[in-house]
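Please read the structure below before turning to the comments.
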Amino acid sequence: MADALVVEELSKSFGALRAVDGVGFAVKDGDVHSLIGPNGAGKTTVFNCISGFLRPAEGRVLLRGEDVTAWPPHRLIPAGLARTFQITKVFGDLTVLENVALAARSRLGQNLRMWRRASKVTSANVEALEILEMLGLAENASANADHLAHGDKRILEIAIALALRPRLLMLDEPTAGMSAGETEHIGKLVRRIAARTSVLLVEHDMEMVLGISDQVTVMTQGRVIASGTPDAISRDTNVQDAYLGALDARNL
Amino acid sequence: MLFAAGAIALAALPYAGVPPFTITLLTEAFIFAIWAMSLDLLVGYTGLVTFGHAAAFGLGSYAAGYFAREVTADFFAALLVAEAIVVGLAVTIGFVVTRVSGVAFAIISLAIAQVLFQIAIAWRPVTEGMDGLVGVPLPKIAGFTIDAGAEFYLLTIATLVLVYLGLSRLVASSFGRTLQAIRTNEERAAAIGINVRLHKWIAFTVSWGVAGIGGTLMVFMKAGTTPMSLHWSESGNVLVMAIFGGVGTLFGPMIGAVAFVFLRDEFTTRFEAWQLAFGLVFVVVVLAFPSGLAGIFARAWRALWPTRS
Ligand SMILES: Nc1ncnc2c1ncn2[C@@H]1O[C@H](COP(=O)(O)OP(=O)(O)O)[C@@H](O)[C@H]1O
Ligand SMILES: [Mg+2]
């Protein structure tokens with residue numbers, strides 16, 4: 001069986017800065033694969049190149065064996081890829097339910113339907129509500145997304161992505177700005193989601209990454225410096241020098 | 001229900017002793033209402049602010065007027081020809097302009113309208129230059145001439161009702177919701193699989209098509225048109241109507257258009273600097289009620305009918 005995602009020799013520069021410099025890794029089907037590294041390592045840029053928001057200068061992206069390099073998002077999503085954003089992007093002035101229902105209708109191929117009322121696309125509404133219930137957001141279904149607390153907005157990001165029923169879900173720092181308790185909740189959630197889909201996770205919380213990942217890839221300065229199981233990564237001296245040590249020092 | 005009752009009441013006005021002058025103003029207002037709603041689809045729903053929406057309206061006027069004078073005064077034939085031209089051009093330029101957003105979109109759409117304005121001045125054999133197109137006959141439907149005044153007013157109301165119902169359906173559809181998603185957060189819209197450019201392109205084309213309907217009615221009402229119908233100041237006027245009434249509601253721009261026409265009429269007879277007077281009213285309303293006249297009505301409505309939930 002082909003890997004859920006293979007990234008080969010991916011490169012992307014901003015002016016003189018090589019933000020991503022020959023990055024490669026593979027996400028096995030059904031895995032939670034984490035991409036970690038200090039701020040500015042190029043993780044979000046890798047995400048953007050995979051998900052069609054940036055065109056990589058070099059390299060290839062394979063989704064279940066198919067070359068999808070530089071496909072636009074509206075082709076990648078039907079192919080089974082969905083992502084969230086590090087900086088929350090929800091539809092602020094639409095209701096929480098509508099945020100998720102939009103994604104469900106998109107997946108159901110309704111986007112170009114111009115006559116039937118969106119509110120009558122019952123399957124999308126039902127599905128959206130189910131997802132909100134699963135994620136504990138159902139009571140806020142009719143609130144405007146803008147009015148959600150930060151943590152709930154981060155969860156709404158995930159809810160929107162789940163409504164696309166991805167085979168590979170890419171989460172860019174889902175716990176950004178969250179409390180320890182909320183972070184733990186997200187960690188459990190990711191594991192639950194992983195029962196149905198492969199996950200590529202960018203995450204800062206080291207404890208969480210080591211706890212829930214099947215594989216970890218470590219980036220610094222646009223390059224991959226290590227890839228392996230959480231155990232192997234936490235013992236890797238390169239990683240300790242470049243990253244974990246720095247984090248530990250800060251945490252002390 | 002309320003809407004149907006309102007439409008019927010409005011349709012009865014010419015037969016209820018309302019003076020012809022007022023009917024003329026209302027006719028103009030309702031034509032502008034069609035135009036302002038078409039703009040709302042772009043500005044209020046899709047988040048594309050255009051400074052060149054006169055292009056669609058003026059082009060519709062020229063196409064329908066020229067055809068009616070030279071070929072046949074049949075209303076639907078003229079409308080069809082105008083739509084073919086307006087929509088055809090919208091598809092073409094929409095493909096280009098919807099590649100950009102924000103200020104760039106506003107400026108490019110303005111530039112396109114100015115190009116049409118210059119063509120209308122320069123292409124004298126067809127447009128008769130600065131003098132404008134004159135001698136457009138009264139429209140005919142099924143061979144019957146639609147007289148200026150009450151009959152044309154009814155035709156306008158019927159068109160307005162159809163356009164309003166059609167656009168209401170459109171904005172409530174899955175497609176309409178994708179437009180609101182794009183307005184709210186373009187990147188997020190792309191990330192749920194919406195083909196943002198395609199959707200903007202379609203919205204642009206529909207918006208122009210609807211504006212072309214307004215332009216067609218207007219050229220019949222005025223029995224002609226001039227290059228001024230394509231001027232940037234007209235694009236400004238329709239923006240004012242839509243914002244004044246409250247964008248993103250369809251209903252708001254309709255009220256805005258009516259308010260615009262009647263306030264303009266009031267102020268031109270009283271003040272020399274009517275635009276200044278209107279500008280002041282506009283600023284006050286928009287500052288006090290960012291959601292425009294529709295916002296005022298919504299508030300009054302809620303005050304009259306305190307929450308029943
Ligand atoms: N759109 C952009 N334009 C210019 N520089 C960028 C852009 N996006 C990211 N960068 C730079 O690229 C580097 C990698 O950024 P990013 O991918 O966001 O890192 P990470 O997600 O690992 O924190 C940083 O130095 C950042 O400043
Ligand atoms: Mg990042």
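Is it the case that some residue within the range B:135-149 is assigned to a helix (DSSP H, G or I) and among the small types (Gly, Ala, Ser)?
no
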Would you be able to tell me the number of residues in the range A:1-56 that are more than 14 Å from residue A:220 (Cβ to Cβ) and in a loop (DSSP other than H, G, I, E, B)?
-> 16
If you go through the range A:78-102, how many residues are β-branched (Val, Ile, Thr), touching a helix residue (DSSP H, G or I) at 6+ places or on another chain (Cβ under 6 Å) and assigned to a loop (DSSP other than H, G, I, E, B)?
-> 3
Restricting attention to the range A:107-145, which residues are open to solvent by 20 Å² or more (accessible area, probe 1.4 Å) and more than 14 Å from chain B (Cβ to nearest Cβ)?
-> A:126, A:129, A:130, A:133, A:134, A:136, A:138, A:139, A:140, A:143
Just checking, which of B:172, B:211, B:223, B:190 is open to solvent by less than 10 Å² (accessible area, probe 1.4 Å) and either aliphatic (A, V, I, L, M) or more than 12 Å from every other protein chain (Cβ to nearest Cβ) (or both)?
-> B:211
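Considering the range B:243-260 alone, what residues qualify as being within 13 Å of the chain's Cα centre (by Cα) and among the hydrophobic types (A, V, I, L, M, F, W, C)? It would help to see each step written out before you state the result.
Filtering the range B:243-260 for residues within 13 Å of the chain's Cα centre (by Cα) gives B:243, B:245, B:247, B:250-258, B:260.
Answer for the range B:243-260, where residues must be within 13 Å of the chain's Cα centre (by Cα) and among the hydrophobic types (A, V, I, L, M, F, W, C): B:243, B:247, B:250, B:251, B:254, B:255, B:257, B:258, B:260.
Being within 16 Å of ligand 2 (Cβ to nearest atom) and either at pLDDT below 95 or more than 30 Å from residue A:1 (Cβ to Cβ) (or both) is the requirement here; does residue A:154 meet it?
Details: within 16 Å of ligand 2 (Cβ to nearest atom): yes; either at pLDDT below 95 or more than 30 Å from residue A:1 (Cβ to Cβ) (or both): yes.
When the stated conditions are applied, residue A:154 passes them.
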Residue A:148 vs (1) open to solvent by 20 Å² or more (accessible area, probe 1.4 Å); (2) more than 15 Å from the chain's Cα centre (by Cα): all pass except (1)
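Among the residues of the range A:63-77, what is the count of those that are part of a loop (DSSP other than H, G, I, E, B) and either outside the structural domain of residue A:45 (by TED's automatic domain parsing) or crowded, with 18+ Cβ neighbours inside 10 Å (or both)? Walk me through how you get there before you give the answer.
Within the range A:63-77, the subset part of a loop (DSSP other than H, G, I, E, B) is A:64-65, A:68-72, A:77.
Of the ones still in play, those that are also either outside the structural domain of residue A:45 (by TED's automatic domain parsing) or crowded, with 18+ Cβ neighbours inside 10 Å (or both) are A:64, A:68-69, A:71, A:77.
Matching residues across the range A:63-77 total 5.
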Please find, within the range A:13-54, the residue that is most open to solvent (accessible area, probe 1.4 Å) out of those that are near ligand 2 (Cβ under 10 Å from one of its atoms) and within 17 Å of residue A:80 (Cα to Cα).
-> A:48
Just need a number here: residues in the range B:80-92 that are in contact with a helix residue (DSSP H, G or I) (Cβ under 7 Å, 6 or more places away or on another chain) and open to solvent by 30 Å² or more (accessible area, probe 1.4 Å).
-> 6
Specify the residue that is farthest from the other protein chains (Cβ to nearest Cβ); the eligible residues are those in the range A:67-82 that are without any contact (Cβ under 8 Å) to a residue 40 or more places away in the chain and not hydrophobic (A, V, I, L, M, F, W, C).
-> A:67
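Looking only at the range A:90-113, decide whether some residue is within 30 Å of residue A:178 (Cα to Cα), touching a residue at least 40 places away in the same chain (Cβ under 8 Å) and within 12 Å of ligand 1 (Cβ to nearest atom). Show your work before the answer.
Taking the range A:90-113 as the starting set, the residues that turn out to be within 30 Å of residue A:178 (Cα to Cα) are A:90-107.
Narrowing the set further to residues that are touching a residue at least 40 places away in the same chain (Cβ under 8 Å) leaves A:90-97, A:99-104, A:106-107.
Going one step further and asking which of them are within 12 Å of ligand 1 (Cβ to nearest atom), we end up with none.
Looking for residues that are within 30 Å of residue A:178 (Cα to Cα), touching a residue at least 40 places away in the same chain (Cβ under 8 Å) and within 12 Å of ligand 1 (Cβ to nearest atom), one finds none in the range A:90-113, hence no.
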Looking at (1) more than 28 Å from residue B:164 (Cα to Cα); (2) surrounded by fewer than 24 Cβ atoms within 10 Å (Cβ to Cβ); (3) within 14 Å of chain B (Cβ to nearest Cβ); (4) in contact with a strand residue (DSSP E or B) (Cβ under 7 Å, 6 or more places away or on another chain), which is the only condition residue A:88 fails?
-> (4)
If you go through A:43, A:12, A:28, the only one that is more than 14 Å from chain B (Cβ to nearest Cβ) and touching a Pro at 6+ places or on another chain (Cβ under 6 Å) is A:12
Which residues, counting only those in the range B:1-45, are acidic (Asp, Glu) and over 17 Å from residue B:254 (Cβ atoms)?
-> none
Is there any pair linking a residue in the range A:36-64 that is within 13 Å of residue A:12 (Cα to Cα) and of a type in the set (Val, Ile, Thr) to one that is near ligand 1 (Cβ under 7 Å from one of its atoms) and open to solvent by 30 Å² or more (accessible area, probe 1.4 Å), with Cβ under 9 Å and at least six apart or on different chains, and which?
-> A:44/A:86; A:45/A:14
Please identify the pairs in which a residue from the range A:185-214 that is modelled with pLDDT of 90 or more has its Cβ atom under 6 Å from the Cβ atom of a residue that is in a loop (DSSP other than H, G, I, E, B) and open to solvent by 60 Å² or more (accessible area, probe 1.4 Å), counting only partners at least 6 apart or on another chain.
-> A:197/A:167; A:198/A:29
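The values are calculated or read from the model by the stated rules, or taken from the named source; none is laboratory data. Here the structure is a predicted model, which is why all the values come from computation and not from measurement. So basically every Cβ, Gly included, is an ideal-geometry build from the backbone, and we count neighbours across all protein chains shown. The protein model used for the area step is the full one, side chains on, heavy atoms only, and it has no ligands, DNA or RNA in it. Shrake-Rupley method; radii C 1.70, N 1.55, O 1.52, S 1.80 Å.
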